[in-house]
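This report concerns only the one structure given below.
The values are calculated or read from the model by the stated rules, or taken from the named source; none is laboratory data. Note that the coordinates shown come from a computational prediction; the quantities given were computed from them, not determined experimentally. Glycine also receives a Cβ, built like all others from the backbone with ideal geometry; neighbour counts cover every protein chain displayed. All accessible areas refer to the heavy atoms of the entire protein, side chains included, with ligands and DNA or RNA removed. Shrake-Rupley method; radii C 1.70, N 1.55, O 1.52, S 1.80 Å.
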Amino acid sequence: MSDEAVDAFAEFKKSSNATTYLIFHIVNKAKIEVESQSEDKDFATFLSALPADDGRYGVYKRDFTTTDGRAGTKLVFIAWAPDSSPVRTKMLYAGSKAALGSVLVGVGIKITATDTSELTEEILDEACRKFA
């Protein structure tokens, strides 16, 4: 993971930081870098930033309501590996996922999705409630 990506994640984790998500990609099959980030809280904006035919990693700040009605925010790690991406790409992202996860300290929720039906607001909220 590039130093810039580590620094961007450290800044992103701060509660005072307004960034809603970071998207990481693998550059030259060797280094993970930040590809994009946004303060837009609309989940559709995050989904539209994920390519339809290439892998990515994302970290998303999800605001949700617990089962007992309290407001909460969790950091969710998302491994995006669409079925339409090349096999080599899927293998590269799958093989790097554990290493990246160990660098992203403070992210307790992990989701792997191969299409948008596996990555909905309901799925994120359900995952967040399990760890609330």
Test: residue in segment 33-50 that is part of a strand (DSSP E or B), at pLDDT 95 or above and within 23 Å of R129 (Cβ to Cβ): no
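Do you know which residues across segment 18-35 are on the phi < 0 side of the Ramachandran plot and open to solvent by 30 Å² or more (accessible area, probe 1.4 Å)?
Here is the first cut: in segment 18-35, the ones on the phi < 0 side of the Ramachandran plot are 18-27, 30-35.
Residues satisfying the conditions are A18, H25, V27, A30, K31, E33, V34, E35.
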Inter-residue pairs, beta-carbon under 9 Å, first touching a residue at least 24 places away in the same chain (Cβ under 8 Å) and open to solvent by 50 Å² or more (accessible area, probe 1.4 Å) and in segment 1-17, second in a helix (DSSP H, G or I) and hydrophobic (A, V, I, L, M, F, W, C), 6+ apart: M1/F9; M1/A99; M1/L100; M1/V103; V6/V103
Matching entry among S48, S84, S38 (being within 14 Å of the chain's Cα centre (by Cα), surrounded by fewer than 17 Cβ atoms within 10 Å (Cβ to Cβ) and farther than 17 Å from V6 by Cα): S48
Matching residues in segment 51-73 - criterion: being open to solvent by 60 Å² or more (accessible area, probe 1.4 Å) and outside any loop (DSSP other than H, G, I, E, B): D63, T65, A71, T73
Subset of segment 87-106 [free of Cβ contacts under 8 Å to residues at least 40 places away in the same chain and either more than 14 Å from F9 (Cβ to Cβ) or open to solvent by less than 30 Å² (accessible area, probe 1.4 Å) (or both)]: V87, R88, T89, K90, M91, A94, G95, A98, G101
Checking M91 against (1) under 14 Å from the mean Cα position of the chain (by Cα); (2) under 19 Å from D53 (Cβ atoms), the condition it does not meet: (1)
